[in-house]
């Protein structure tokens with residue numbers, strides 16, 4: 001659980017900065033930040049499962 | 001038959017010297033580059049993210065990199081992560097002067113959050129590089 005929380009904190013921090021610097025309008029920033037956050041989370045979980053099966 | 005020759009002139013506008021100063025300050029003090037341009041909310045968000053990542057990284061037991069051989073590998077291997085750490089500006093320099101956060105000892109390495117701490121310290125610097133470029137672009141008039 002701790003690993004997931006730390007990964008989520010990482011995704012939040014990165015998404016906040018990416019969303020703030022990348023787009024022009026407020027709604028674009030919000031949707032881009034959310035997209036980046038979900039991408040970090042989903043790819044992180046997917047990689048964790050892949051690595052689980054690799055000895 | 002008339003042959004027309006089109007000449008394309010590309011004007012490259014050089015950024016004003018103030019933009020370089022803003023970039024330097026944005027690197028040194030996370031969030032300050034935006035703050036000095038009156039972008040208070042952006043400064044708080046970006047600076048807050050960098051400070052949070054850096055302090056969390058140290059609290060999790062991560063260590064900062066410096067150009068020094070660990071006895072097993074070349075000091076050059078430390079260069080890329082050191083460049084990432086250096087992005088945190090004064091935060092890194094203060095730790096360097098106080099000799100805090102550079103110890104890569106077995107006690108910290110045994111902690112479950114050790115690698116996360118290292119990663120947080122690295123991204124603190126990398127995110128501040130992004131914030132610095134954003135502040136520079138705003139000062140140079142390339143961005144709103």
Relative contact order, percent, chain B [alpha-carbon distance under 8 Å, six or more residues apart] | 34
How large is the helix-only mean residue ellipticity at 222 nm for chain B, computed as the sum of -39500 (n - 2.57) over DSSP H runs with n ≥ 4, divided by its residue count, in deg cm²/dmol to the nearest 500?
-> -18000 deg cm²/dmol
If each part is reduced to its alpha-carbon centroid, the range B:61-133 and the range A:20-41 end up apart, in Å, by 27
Percent of Cα pairs exceeding the 24 Å cut-off, where the set is the range B:1-132 = 41
Residue A:22 to residue A:38: extension gain in nm, 0.36 nm per residue of separation minus the Cα-Cα distance?
-> 4.1 nm
The range B:78-122 residues near the modelled residue B:68 label - backbone nitrogen below 15 Å, point 7 Å along Cα→Cβ | B:78-79, B:82, B:93-106
Helix A:26-53: inclination vs chain A longest Cα principal axis, degrees, rounded to 10, gives 10
Take every Cα pair under 8 Å in chain A that's 6+ residues apart, average their separations, divide by the length, and report that relative contact order as a whole percent.
-> 34
How long are the three semi-axes of the equivalent ellipsoid for the protein assembly as shown, computed from the Cα gyration tensor as the root of 5 times each eigenvalue, in whole Å, largest first?
-> 35, 22, 19
Based on the Kirkwood radius over alpha-carbon pairs, what is the Stokes-Einstein translational diffusion coefficient of the range B:29-90 at 37 °C with 0.692 mPa s viscosity, in µm²/s?
-> 248
Relative to the longest principal Cα axis of chain B, at what angle does helix B:40-59 sit, 0 to 90 degrees, rounded to 10?
-> 30
Roughly what percent of Cα-Cα pairs across chain A reach past 13 Å?
-> 60
Degrees separating the helix A:2-22 axis from the principal Cα axis of chain A, which is the longest one | 30
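Values quoted throughout were computed directly from the atomic coordinates according to the rules given, and no laboratory measurement underlies them. All values derive from a computational prediction rather than experimental measurement. Every residue, glycine among them, receives a Cβ derived from its backbone with ideal geometry; neighbour counts consider all protein chains shown.
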